Every structure is written in structure tokens, then in C-alpha cells.
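Chemist: Structure in C-alpha cells, see below.
FYI, it's all coordinate maths here, none of it is from the lab. Note that the structure is a prediction, hence the values are computed from the model and not measured. Cβ atoms come from the backbone with ideal geometry, glycine included; neighbour counts cover every protein chain shown.
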Amino acid sequence: MNLGRKGAVHDSFRGFLGPLRLQRIDHYWQSRNLVSLALVPLSWLFCLIAWLRRLAYRNGLLRQQRLAVPVIVIGNISVGGTGKTPLIVWLARYLMRKGYSPGIITRGYGGAAESWPQAVEPDTPAVEVGDEAVLLRRRTGCPLFAGPERVEAGRALLAQHDCDLLLSDDGLQHYALARDLEIVVVDGVRRFGNGWCLPAGPLRERPARLQSVDLVVSNGALLSGASQIRVSGSSAINLSGSRRERPLESFRGEPIAAVAGIGNPERFFQTLESRGLEISRHPFADHYSFSREDFCDFEGQTVLMTEKDAVKCESFAGDTFWYVPADTEVDASLQRRIDALIDRLFDGQKTA
């Protein structure tokens, strides 16, 4: 099993834990075990700093900056994949159908651009601005700027595009940017892991933070008090120039290498298996920077990967490389809740 280039836990913990075999740190976040327990003091410190920082912004000790249009933050309180990106794609498209002109700002995680913010186009190399930025630009068609300072990214976008609202990708804890709505996505299966903050657990903020947001969305299994979405895939698109498309069921009986460098690879693997495919699992670290050498062991096999991974593999992908676009199912009740929140922002000035 390939876990990518990220190591496990720092060697200093080996002395404390003796002969216990260590794995990547996120392996321990779903339960309360010896490794996570050893990190609890650091977790308390992390929680305290996060709480004090948010308090400082709320009381004006640190200054929030407001942009010229309403800002909707779509984020989470945990690290790792929750289904946030597919929801942003759906929301951007939905808003455009209703007559709005959204723009998107994102951090550009994993990007190596020499300066920020960066305008992202469909053909912008993922190595410069990060995989999620390119994926969001392609799937939505919305103007998109990437940069660690979201206020600067938002101002740069608005200076070049006539947008009437902004979607901030994964900016819940970026409190320097004033926001008008907060939407939090929770993995309905993994939920909050062992309930501890980093590094003992997966949480960036305590679950109590959900009480102050405008909308909680559960991906998959329903979380009490949350709305529900389902993210899945039904077809695959070839990475070669032909862009051929096949139903996932048509891959049954083929030797398949399933590759995923996302926060929760298991969800992708289960999607493939739910369609009757027999796969060999190859999880990589989130935002892993793929190269041709990573696929040397898969000669002669069909390779299925996520769309986020595909944007980093196009330059060397062969005819056996396919990606599975994520489809988001949103029920009518959630759409009504979103409509009400958007109408509140614009005082009902626009109608579909």
C-alpha cells in the first residue's frame, strides 16, 4: 500500500511508544489510542490558540476586512476530505442558474507560484496553483483566484470580474476575511473522529463551532441537525485527448489500479466497489504531486483516479488512465434552505 511521501510521526515518539509500529498520523485520528493520547497536551494547546484567535477577531482585537460583495465560506472543522469541493461545484452552478455571477477564491494549497494571488484558468498548471483550484475552475467556469491571503485574492478577482458574490473555498478558519454566510461540510461516516483537535485528532475547531454557522451539510450518512448531500461517481473519462467516457460498470472484470491522493481515499475506493469493480487500492497523501514513476507498477492495468488527481497526471497519462468525476446529489429541502439564505443576503432582489 503506497501512502505517498509523507512520513508517519516524528521519530521522537518512537522512544515513548517503544516497539509499537507507527503509521501516518491521521491513521490514529478515528479512535482514542496510545498515539493520539500522547498528543493530547498539544491538542489542548491547539484548541486554546484557535479559540483565542477567533475571540480576538470577534472582539475587534484583530481586524476583519470586508469585500465589496457578499462572501459565502464553505469549509469544515476537520482536516481531510469531507466532500467540500463537490458541494462548491454544485453551489456555483446552482447560483449561476438562478441568475447570480459568483466568483471563487481558494488558498491554492500545494501550488508553487512565485507570487500570489494568481488568476486560475482551465489550463493553468496545477503545480502552480494547486489541484483543487484547477478542478474548481474547470468544473464551474467561474472566475477564480488563488492565494494564501483570501482578502487579497478576493480583491484581485473583483478588480477584474463583475461578480455579485464570492464563494470562499475552505476558509472557515481564515477569520481575516469577513463573511456573510458560513456553510460547514461534515463527513457523515467519519464525523469528528476521536473528537480531539490537532495533532491528537482531526479537528481544527471543536464541534461546538457548528452551533454558530448558518448551515451544516452532512456528506453521506445523516448527521443530526444537518442537511444531507451524497457524493458519488457513475462514469469515467479518459485522460487522453479523446476524452472518451465509459460507465463504471463497463470496467467489471478488468484489472484495475485505483489511485487516490485525497483526504479520504476510502470513499473513492468504496464508490468503485459499489459499482461491482474489483480493485487494488493505492492511497497517496492528500494533494500528492504525482509523477510518471508513481505508475510504473501499473503497466497493463486500467488506472482509475479522482478528478482532483487527474489534473496533475494529464501530461504523462496514457490510454489506460481514467478519472471519475464526482456527482453531488442535493435534495429539495437543502435547496430551499440555500435559497432562503441567499435571498436574505440580497433581500430577495433576484429570482430564478
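Chemist: Which translational diffusion coefficient, to the nearest whole µm²/s, is obtained for the stretch 234-325 from the Stokes-Einstein equation, given a Kirkwood hydrodynamic radius over C-alpha pairs, 25 °C and 0.890 mPa s?
Modeler: So the translational diffusion coefficient is about 190 µm²/s.
Chemist: Expressed in nm to one decimal, what extension gain is obtained for the pair D327 and R243 from 0.36 nm per residue of sequence separation less their Cα-Cα distance?
Modeler: Details: separation 84, 0.36 × 84 = 30.24 nm, distance 1.77 nm.
Here the segment from D327 to R243 would lengthen by 28.5 nm.
Chemist: About the Cα centre of the stretch 257-352, how large is the charge dipole given +1 on each Lys and Arg Cβ and -1 on each Asp and Glu Cβ? Please answer in debye to the nearest 20.
Modeler: Charge dipole, the stretch 257-352, about its Cα centre: 380 debye, nearest 20.
Chemist: What percent do you get for the relative contact order of the stretch 234-325 when only Cα pairs under 8 Å and 6+ apart count?
Modeler: Values: 164 pairs, mean separation 35.4, N = 92.
RCO, the stretch 234-325: 38 percent.
Chemist: Let me ask another. Please give the FRET efficiency for E278 paired with R336, using the beta carbon to beta carbon distance and R0 = 56 Å, rounded to the nearest 0.05.
Modeler: Rounded to the nearest 0.05, the efficiency is 0.85.
Chemist: Amide H neighbours of T302 under 5 Å, counting only residues 5+ apart in sequence or on other chains, H built in-plane at 1.01 Å?
Modeler: Amide H to amide H, under 5 Å and 5 or more residues apart or across chains, T302 pairs with A257.
Chemist: For the stretch 83-157 and the stretch 216-260, what is the separation of their Cα centres, given in Å?
Modeler: 22
Chemist: Write down, largest first, the equivalent ellipsoid semi-axes of the stretch 99-164 in whole Å, where each equals the square root of 5 times an eigenvalue of the alpha-carbon gyration tensor.
Modeler: Those come to 18, 14, 8 Å.
Chemist: Under unit Cβ charges (Lys, Arg +1; Asp, Glu -1), what dipole magnitude, rounded to 20 debye, does the chain have relative to its Cα centre?
Modeler: For the chain, the charge dipole is close to 1140 debye.
Chemist: Along the charge dipole of the chain, Cβ charges K/R +1 and D/E -1, which of F192, G103, L239 sits furthest on the positive end?
Modeler: It is F192, whose Cα lies furthest towards the positive end.
Chemist: In 20 Å bins starting at 0, how do the alpha-carbon pair distances of the chain split up by percent?
Modeler: Calculated P(r), rounded to whole percents: 28, 60, 12, 0.
Chemist: So what is the relative contact order for the chain, in percent, with contacts set as C-alpha pairs under 8 Å and at least six apart?
Modeler: 20
Chemist: Calculate how many DSSP beta bridges within the chain are antiparallel, expressed in % of all such bridges and rounded to the nearest 5.
Modeler: Taking every DSSP beta bridge with both residues in the chain, the antiparallel ones total about 25 percent.
Chemist: If Lys and Arg each add +1 and Asp and Glu each add -1, what is the summed charge of the other residues whose beta carbon sits under 11 Å from the beta carbon of G188?
Modeler: The answer is +3.
Chemist: Give me the net charge for the shell around V231: Cβ to Cβ below 15 angstrom, other residues only, Lys and Arg +1, Asp and Glu -1.
Modeler: Result for the local shell: +1.
Chemist: What length, rounded to one decimal in nm, is gained on full extension from E121 through to E293, with 0.36 nm per residue of separation minus their alpha-carbon distance?
Modeler: Extending this stretch completely gives an extra 59.2 nm.
Chemist: What residue among L91, G253, L181 has its Cα farthest toward the positive end of the dipole of the chain, where the charges are +1 on Lys, Arg and -1 on Asp, Glu, each on the Cβ?
Modeler: The residue sitting most towards the positive pole is L181.
Chemist: Another question, if that's okay. When the convex hull of the Cα atoms of the stretch 179-272 is projected onto a plane and the area is averaged over all directions, what value comes out in nm²?
Modeler: Averaging across all directions leaves 9.1 nm² for the Cα convex hull.
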